[in-house]
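Shown next, in structure tokens, is the structure this report addresses.
Just so it is clear, none of the values below were taken in a lab; they were calculated from the coordinates. Model, not experiment: these values are computed from the prediction. Don't worry about glycine lacking a Cβ; one is built from the backbone with ideal geometry, like all the others, and counts go over all protein chains shown.
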Amino acid sequence: MLDLRFIRENISLIRENIQNKNESANVDAILEIDEKRRQIIQEADKLKNTRNVVSKEIANLKKQGLPAEDKIAEMKIVSDKIKEYDDELRETETKVYDIALKIPNMLGPDVPIGRSADDNQIVRTWGEMPVQQLNKAHMEIATDLNIIDFERGAKVSGGGFAFYRGKGAKLERALINFMLDFHLDNHNYTELLPPFLVNENSMYGTGQLPKMKDDMYHDPEENMYLIPTAEVPLTNYHYEEMLKFEELPIKYCGYSPCFRREAGSYGKEVRGFLRVHQFNKVEMVNFSTPENSWAQLEILLSEAEDIVKALGLHYRVLRLCSGDTSFSSAMTYDIEVWAPGEQKWLEVSSCSNFTDFQARRANIRFKRRSDAKPEFVHTLNGSGLATSRIMVAILEQYLNSDGNVVVPEVLRKYTGFEII
RNA sequence: GGAGGAUUAGUCUAAUUGGUAAGGCAGCGGUCUUGAAAACCGCCGGCAGUGAUGCCUUGGGGGUUCGAGUCCCUCAUCCUCCGCCA
């Protein structure tokens, strides 16, 4: 969420930003409602002051055994009035937040303006386009090698679910463990293995709710949500906390499965591993001071790139244009790996600076000194990485001429085999 | 799932029949000192405000009352016991 005061003072910038982000939030009413909200607070505070002062007088009278009926009757009226104001305030605040929660984060200064993925900037490309002797897509490879079973996934759960089988399952576990160990050993992270179900507050905290409600698996019985990314539990780990200045930046990484309903997806988009309801991901999150967050974003990106490099996969880095940058993000870099069988680039990581947007929602703050005013931290996160699409890239880039797949060097100590 | 107990600010701990959150420690700033410690003074929950100041805050949310840390309802978390269970 944006600061209400910032909204008040920069409404035209906010309208422009909503357009640039291809969002549709309607902010027309917010100024008027917020003005009303502030007036109610002022009026109510005056009455509350009266009540506090006179209540003390009543207490004193009672102590001296003097009558206080007049003042009590007077305060009864004041109290009723306060209740009316408080009810009105609650209503008005709800209206303000309904609008404010749907306003997207402001874009960072270097974000190129554009409508769609076509306008994203290519920052750099790493490695060489691999030359394929066999031109097979990952589904065919996986089926031939019997390492991924979508049919039985569909039978047991539904479309978009799969079993990893045999060496496929082990390769998946190897990827997860390799990524975690790599970040822990080389990038100074603390590992968190989080809950996969979270409450509603957490979903609001990181900004999945209210906007993305339809994309979430929800248990109405307990009002809990299956996480769409470990970003949710890892960021909300410090929900409503005051962090220590000396400890920033705080860096966590953690594995989780990610659950997405993908409502509205269709056709060949949902075929194979490119878009599934459940996939595995190692996520990195970072709590930073405001002045340091842009530098941290570059570091976060390079840490994600280190994984792709270590796996020897041909990839490129994109700076997302305004229209492709998500609701909560100020700026996002995507890492895409090349899938020769698909003949396309696959997103395997998204590294974003959320500035103070999530921190304000989740109320995560820090003090520069023990007697200083609290400030919101900046939060960042990046996938490091999503394994299902990395699996696709490995199968297609490491396919050799006899139809087998060579296991990337760094994974061999985890898999125990060199070839599938 | 059932029964009972607990939750006060970073932490520990107070608060007459309901009368409007008192202290200790830690931390920060200062005086003193060659430097440090000790001692002493001030600050030391949040929001708004340049400020004086005002409002809010006893796990969350409601209620009763002129007034709630205190009484009632509800939810959460923790502890003890019973039941069930990987």
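Over all other residues within a Cβ to Cβ distance under 11 Å of A:GLU347, the charged ones net out to +1, with Lys and Arg as +1 and Asp and Glu as -1. Taking other residues whose beta carbon is less than 13 angstrom from the beta carbon of A:ILE141, and scoring Lys, Arg as +1 and Asp, Glu as -1, yields -3.
For A:ASP181, what is the net charge nearby, where nearby means another residue's Cβ is under 13 Å from its Cβ and Lys, Arg count +1, Asp, Glu -1? Summing Lys/Arg as +1 and Asp/Glu as -1 gives -1.
Principal-axis analysis of the Cα atoms of chain A puts helix A:69-100 at an angle of about 20° to the longest axis. Helix A:30-63 axis versus longest C-alpha principal axis of chain A: approximately 50°, rounded to the nearest ten. Its residues counted as N, the range A:117-415 yields a C-alpha radius of gyration over 2.2 N^0.38 Å of 1.01.
Whole-Hz Karplus values for the range A:290-299 come out as x, 6, 10, 6, 5, 5, 5, 4, 4, 5 Hz, taken residue by residue from phi with 6.51 cos²θ - 1.76 cosθ + 1.60 and θ = phi - 60°; glycine and proline positions read x. Distant-in-sequence amide contacts of A:GLU191, defined by a placed amide H-H separation under 5 Å and a gap of 5 or more residues or a different chain, comprise A:CYS253.
Listed by chain and number, the lysines whose C-alpha is less than 22 Å from the C-alpha of A:LYS62, apart from same-chain residues fewer than 8 away, are A:LYS48, A:LYS71, A:LYS76.
This ranking places A:PHE287, A:PHE182, A:PHE161 by how few other beta-carbon atoms lie within 10 Å of each, fewest first, which gives A:PHE161, A:PHE182, A:PHE287. Could you pull out every residue, at least 5 positions away or on a different chain, whose amide H is within less than 5 Å of the one on A:SER349? Hs are placed 1.01 Å off N in the peptide plane, and Pro or chain starts have none. Distant-sequence amide H within range of A:SER349: A:ILE335.
What is the distance in Å between the Cα centroid of the range A:279-342 and that of the range A:124-174? When both Cα centres are located, 23 Å separates them. Using bins of 5 Å that start at zero, the share of Cα-Cα pairs per bin across the range A:4-100 amounts to 2, 12, 17, 14, 11, 9, 8, 7, 6, 5, 3, 2, 1, 0, in whole %. The loop-placed chymotrypsin sites (Phe, Trp or Tyr not before Pro) in the range A:215-267, going by DSSP, that have at most 13 neighbouring Cβ atoms within 10 Å of their Cβ come out as A:TYR266. To the nearest 500 deg cm²/dmol, what mean residue ellipticity at 222 nm is calculated for chain A from DSSP H runs of n ≥ 4 alone, each contributing -39,500 (n - 2.57), summed and divided by the residues? Value at 222 nm, helices only, nearest 500: -12500 deg cm²/dmol.
The H on the amide N of A:ARG165, modeled in the peptide plane, is under 5 Å from the matching H of A:ILE148, A:ASP149, each at least 5 residues off or on a different chain. Relative contact order of the range A:117-415, taken over Cα pairs closer than 8 Å and 6 or more residues apart, is 25 percent. In order along the range A:163-172, phi translates into HN-Hα couplings of 9, 8, 10, x, 5, x, 5, 5, 4, 4 Hz, rounded to whole numbers, per the Karplus curve 6.51 cos²θ - 1.76 cosθ + 1.60 with θ = phi - 60° and x for Gly and Pro.
Counting neighbouring beta carbons within 10 Å and listing from fewest to most, the residues A:GLU9, A:GLU342, A:GLU303 come out as A:GLU9, A:GLU342, A:GLU303.
Across the range A:321-334, computed HN-Hα scalar couplings (Karplus, 6.51 cos²θ - 1.76 cosθ + 1.60, θ = phi - 60°) run 6, 3, x, 9, 7, 6, 3, 8, 8, 8, 7, 9, 9, 10 Hz from first to last residue, x flagging Gly and Pro.
Taking 22 Å as the limit for the C-alpha separation, the pairs A:LYS309/A:LYS344; A:LYS21/A:LYS373; A:LYS170/A:LYS413 exceed it in the case of A:LYS21/A:LYS373.
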